[in-house]
Amino acid sequence: MASALWRGSGRRLSCPAVRPPKAAAPFQFLVLLMAGWIHRRQQLAIAYLQAENRVLRESLGTRRLRFTDAERRLLAEKGQGLGRTMLAELATLATPETILRWYRRMIAAKYDGSDTQRSPGRPPTASDVTKQLLTMARESPSWGYTRLRGALRDLGFDVARSTIQRILRENGIEPAPRRGKTLSWSTFLRAHWGAIAAADFFSVEVLTVGGLVRHFVFFVIDLKTRRVHVAGVSNSPDGAWVAQVARNLTDAASGFLKDAHHLIVDRDPLYTAHFKEILASANVELLRLPARSPNLNAYAKRFVGSIKSECLRHIVPIGERHLRAVVREYIEHYHHERNHQGLDNVIPLPLGQTGKGAIRRHERLGGVLGHYRREAA
């Protein structure tokens, strides 16, 4: 039939020519060759690293490997990209399940907030607000919760009344009605600043012809100015001696306590009833401190620590006369040359303005005490 159609049409049918395939380009062949060589080199490198890891593991024996968090993170990040199948062929330090578990924990920890320190209920009040509230409550004992809240609001702190009550209760501060009936010791001192003094003894070992003899120095300090007065020195103080000291202190013309109204003392038995009567006759009230409460007489105790550490520790007084001279020199230094930290680090009773000339060191007691001062130009 095909031949009939051929003959009947009178035309010759054309068929498209089939071209032979082109030969591979030399460049492509070279690329394939290099890829195969690189793959083979990678396989050799992997095989070597696996063998090296096995040798290292065998040298460690049965000892368990201890990985740090950074090492676990590194193995997890690199191992997750390989997948379980390839990890089974390559991993030798840890199993594929372990490495993938490390990766899952690493991802989960990224979105986990369980490590943050959270407490139930409302967040705590800021420390600066709490500090300011306690300061106000102690300095203003008559202020109640509402008054304290208003004062805090004026400073930009919005604190609930119940929160103020809770903070004061946790810090042992009573409500205003009971707190206002008692006056703190620091508030009492500030309220009577300039009219209150403190007294105390300190002992010094003095070298005499008979050996070391303990002497007692009785002094009085004005709390506001820190001015110190040595009232007496004795190696055997008694009631009569202390009574005479009280008369000298309350002398109307030159007594150190002529302008004072309160004198703080400890519970030393030398402060007899006669001593108290002499002070009372000069309108000076004796405030005897409770037992074992040295902090209530802190200003006097601090002076004792200063004179002993800065002066008496470096000198052995030879006789009572020498002791009096040493103490007198330190008192002059304490008043006119020594910066006092309790008075904003200034000299309590400076002698005058310094000059503009050269700086010189002035010494007392052979250099034990000293200060620097500019000379007059």
> Quick one: how many residues across segment 71-94 are closer than 17 Å to I46 by Cα and either assigned to a helix (DSSP H, G or I) or touching a Gly at 6+ places or on another chain (Cβ under 9 Å) (or both)?
Replying inline: 15
> Can you name the condition, by its number, that T62 falls short on among (1) of a type outside the set (F, W, Y); (2) within 21 Å of W102 (Cα to Cα); (3) at pLDDT below 65?
Replying inline: (2)
>> Taking the condition of being over 11 Å from T130 (Cα atoms), assigned to a loop (DSSP other than H, G, I, E, B) and of a type in the set (F, W, Y), how many residues in segment 141-172 meet it?
In response: 1
> Quick one: what pairs do we get from segment 341-370, first residue of a type in the set (S, T, N, Q), second at pLDDT 90 or above, C-beta under 8 Å, 6+ apart or different chains?
Replying inline: N345/N339
> Any idea how many residues of segment 249-292 are closer than 18 Å to F201 by Cβ, crowded, with 20+ Cβ neighbours inside 10 Å and touching a residue at least 40 places away in the same chain (Cβ under 8 Å)?
Replying inline: 6
>> Condition first: under 28 Å from the mean Cα position of the chain (by Cα) and within 19 Å of F216 (Cβ to Cβ). Now tell me which residues in segment 274-298 satisfy that.
In response: P294, N297
> Is it true that P21 is modelled with pLDDT under 65 and of a type outside the set (K, R)?
Replying inline: yes
> Does segment 282-291 include one or more residues that are in a loop (DSSP other than H, G, I, E, B) and not assigned by TED's automatic domain parsing to the domain that holds R214?
Replying inline: no
> Of the residues S162, S119, which single one is modelled with pLDDT under 75 and outside the structural domain of R226 (by TED's automatic domain parsing)?
Replying inline: S119
>> Of the conditions (1) closer than 27 Å to I278 by Cα; (2) surrounded by fewer than 19 Cβ atoms within 10 Å (Cβ to Cβ); (3) at pLDDT 95 or above, D200 satisfies every one except a single condition; which number is it?
In response: (2)
> Which residues, counting only those in segment 311-322, are touching a strand residue (DSSP E or B) at 6+ places or on another chain (Cβ under 9 Å), within 15 Å of R364 (Cβ to Cβ) and part of a helix (DSSP H, G or I)?
Replying inline: L312, H322
> Can you pull out the residues in segment 299-335 that are among the small types (G, A, S) and within 29 Å of the chain's Cα centre (by Cα)?
Replying inline: A300, G305, S306, S309
> Taking Q341 and the conditions (1) farther than 16 Å from R302 by Cβ; (2) surrounded by fewer than 12 Cβ atoms within 10 Å (Cβ to Cβ), which numbered condition does it fall short on, given that it satisfies the others?
Replying inline: (1)
>> Against the definition (touching a helix residue (DSSP H, G or I) at 6+ places or on another chain (Cβ under 8 Å), part of a helix (DSSP H, G or I), surrounded by 13 or more Cβ atoms within 10 Å (Cβ to Cβ) and not acidic (D, E)), how does V304 come out, yes or no?
In response: no
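The values are calculated or read from the model by the stated rules, or taken from the named source; none is laboratory data. If you're wondering where the values come from, they're calculated on a predicted model, not measured in any experiment. Neighbour counts are summed over all protein chains in view; Cβ atoms, including those assigned to glycine, are modelled from backbone coordinates with ideal geometry.
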